[in-house]
Every structure is written in C-alpha cells, then in structure tokens.
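Structure first, commentary second.
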Amino acid sequence: MAGVNIQNIKKSYGSVEVLHGINVDIKDGEFIVIVGASGCGKSTLLRMVAGLEQITEGDISIGGRIVNEVEPKDRDIAMVFQNYALYPHMSVYQNMAYGLKLMNLSKDEIEARVAKAADMLQIGDYLKRRPRELSGGQRQRVAMGRAIVREPSVFLFDEPLSNLDAKLRVTMRLEIRALQRRLDVTSLYVTHDQVEAMTLADRLIVLNDGYAEQIDTPLNIYEKPASEFVAGFIGSPPMNFFTGTISGNGKQLELDTGSIMQIGDYPVENSHGRNVRIGVRAEKFAPCNKDEAELVLNVAAVETLGSETLAHGFADNTDSNDFNNSIVVKLAGDARPVVGEVLPVRVMPDGLHLFDMENGKRI
C-alpha cells in the first residue's frame, strides 16, 4: 500500500497550459475522486499519475518515491479504463491472468489470485467466456478483476461506469466502494458525474479549467463550496443563483428582481452596498404565506419524482422560457404545485451562500 503526493503539477501542450499547479497529498488507503466538467484536465491528471502522460512541471510520488521518470509498468499501479480494454480473443481467465504471466509468477500463484478475485467479484462462472459473451457490468467486473489480481499499491479508475445504464451504475459504484474498503488500497477515480463523486469519495478534487477549485470531503464541499463554480457543479438539482446587494447594514440582501432576503447569521462585515452573487439550494427554500415570502415563484414546470417534487419557475414578475435561468424549489413528494401557480417561499436560516462578484470566491 502507498500514498500518492502530487506536488505543483503542471501540464502544457506547446503554449497551451491545461493543468495549473495541482497540489494534493493522498493518504495510504484513501479514496480520492477527481471531478469536473469535460475538458477540465481530470483524465490528464490521472494519466500523469499512471505515467501515460509526461509531466511538464512538478513531482508525483507514490509510496514516497518520485515517479516522474518511472515507466508505467514499474509504478506499482493498476488502471481500470472507461472502455474495459479487454482482449477480445482471450477468455475472462486469460484476460485476468495475462498481466501476472508478464510478472513471471508461477502457475499456482496465478490461479490462486485469479480465483480469489473472481470469487470477490462474483464472476467465477464466467472465466471460460470471451468478453463478447458478457454484459457491460460483467465486462467491467473483469476489468476490475484484472487490476485486483496485480495487488497494486494504487488503483486508478478513468470513468469506469460511464458506459453502463443508470441502474447498473448505482450497483457498480456501491461494489467499487465496498471493494476498495475491503482491499484498503489507495484509489484515484475520475468522473464527470457529481453523484458518483459524492457517494464514492473520502475527498473530492473539484477541477475547473485545470485549477483545483476545492479539495475537501464531499459533505464539506456541498455545505460550504469554496466558489460559485463548485456550488453550481456539486449538487442535484444545481444551486440557484441570484445577483443582489448587501444592505440594511449587512442584515439583508436586495435582489435585482426586487425581492428582499434576510442574511441572518451569515458572517459578513463592513459589506453594506457590496454587490454579490447569492446561492440557495433547492431544498433550502420553504413554502410560506405570501406576507412572509422572500421570493415569489411563478411555476413554469413541475417534476414529480415520487419522494420529492421539483417546481421550476421564475422570480416575481419575471417571465421567460429559458430554463437555464429558472429557479428550482424542492418540495415534499406529496406536494402538488401546478404550472401557472404563484408559489411564495422563504430561505431557511442556513440556506444562504454568498460569492464575490469579481472572482467567484466564497465570502
């Protein structure tokens, strides 16, 4: 087992810099998820740890050893890819055993390792089959088994579930997390799916255009996002945003829509007159009487999801067909708002997030 230290890692392709000095110290046995939008540099960072991409600047250490110039096969890592990368002409057993043969292990050792991994992943009945005879979930288990049998110091996962259907993704991510805890192997996992990220990680690295916007536990990132980008990216449905001004000697917010929100205990000092971006998660709105309302929502669409209901609309007297700019309020599953209804809401005391207008950082 080994920790991974990523120190001031930068990556450039010619004059184009895609990673801008990433720093993170990953503890032995920790499960780290790298999350971000497409093109943010998350797979590039993972491939640099694997040795598949050259490092432009900085150092990567595995188990205390700098591996910048070490070949991938000598880094004591195992990688699970998005497309499984199985040999189509080999059986499941042969796919899992191939890397062990290259390590010159004995036949008995190979058989023991493959049998143990196959039992762990419940694929023992498929060892004689070819990949084309397996479902997507079974192929992914084989790819994971091929990594497990190597008994590496570090597991690397590059969006391994993105080709699976929604139900199978839920099952597989639970299996991956349980497996990682059982093996207690340091793991780096790349995904663009923030639900996967929240449910799998000990800590998240949230990347945005090659910068690490925030590195923290999933709960801390959800409850105290470090920037407007993080707040909008993490959470489903996404956080609602408004533009407004701090007024009332730092006690209230005047929204551009004309609404007034109370700041309550939010820590702002000497900020009267400051323009800010205001974030409120959907579940932090509470329906109320009209005379108590801090926001009046004109309901434009309703999603009934069983355990909850999402009401989408537009604030006060505004009207639009652009749902990219709509407000979403999460209600109880038995709530029955209708399109065209006026829904008065207030913000719960702990529901406000304020961000600087210039740099997007949390206030």
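The values are calculated or read from the model by the stated rules, or taken from the named source; none is laboratory data. Keep in mind that this is a model prediction, so the values were computed, not measured. Neighbour counts are summed over all protein chains in view; Cβ atoms, including those assigned to glycine, are modelled from backbone coordinates with ideal geometry. Ligands, DNA and RNA are stripped out before the accessible areas are found, and what is left, the full protein with its side chains, is counted by its heavy atoms. Shrake-Rupley method; radii C 1.70, N 1.55, O 1.52, S 1.80 Å.
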The residue that is modelled with the lowest pLDDT, considering only those in segment 320-331 that are assigned to a loop (DSSP other than H, G, I, E, B) and surrounded by 10 or more Cβ atoms within 10 Å (Cβ to Cβ), is S320
On the basis of being of a type outside the set (S, T, N, Q), at positive phi and either in contact with a Ser or Thr (Cβ under 7 Å, 6 or more places away or on another chain) or open to solvent by less than 20 Å² (accessible area, probe 1.4 Å) (or both), does D28 make the cut?
no
Does D334 satisfy the condition of being surrounded by fewer than 12 Cβ atoms within 10 Å (Cβ to Cβ), assigned to a loop (DSSP other than H, G, I, E, B) and modelled with pLDDT of 90 or more?
yes
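For the subset of segment 1-17 comprising residues that are open to solvent by 40 Å² or more (accessible area, probe 1.4 Å) and in contact (Cβ under 8 Å) with a residue 12 or more places away in the chain, which member is farthest from I148 (Cα to Cα)?
E17
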Counting only helices (runs of 4 or more DSSP H) entirely within segment 117-227, those with at least 2 residues that are at pLDDT 95 or above and surrounded by fewer than 18 Cβ atoms within 10 Å (Cβ to Cβ) are 218-223
For segment 151-167, pairs from a residue that is touching a residue at least 40 places away in the same chain (Cβ under 8 Å) and closer than 19 Å to N5 by Cβ to a residue that is of a type in the set (D, E) and open to solvent by 30 Å² or more (accessible area, probe 1.4 Å), with Cβ under 9 Å and 6 or more apart or across chains, are P152/D76; S153/D28; S153/D76; V154/D76
Note to self: Against the condition under 24 Å from R169 (Cα atoms), of a type outside the set (A, V, I, L, M, F, W, C) and outside any helix (DSSP H, G or I), how does P237 come out, does it pass?
What the structure shows: yes
Considering only strands (runs of 3 or more DSSP E) wholly within segment 272-316, the ones with at least 3 residues that are open to solvent by 30 Å² or more (accessible area, probe 1.4 Å) are 295-304
Scanning segment 31-86 residue by residue, those under 26 Å from D193 (Cα atoms), open to solvent by 10 Å² or more (accessible area, probe 1.4 Å), part of a strand (DSSP E or B) and of a type outside the set (V, I, T) turn out to be M79
Residue count, segment 87-102, condition out of contact with any strand residue (DSSP E or B) (no Cβ under 9 Å at 6 or more places or on another chain), open to solvent by less than 80 Å² (accessible area, probe 1.4 Å) and not β-branched (V, I, T), comes to 7
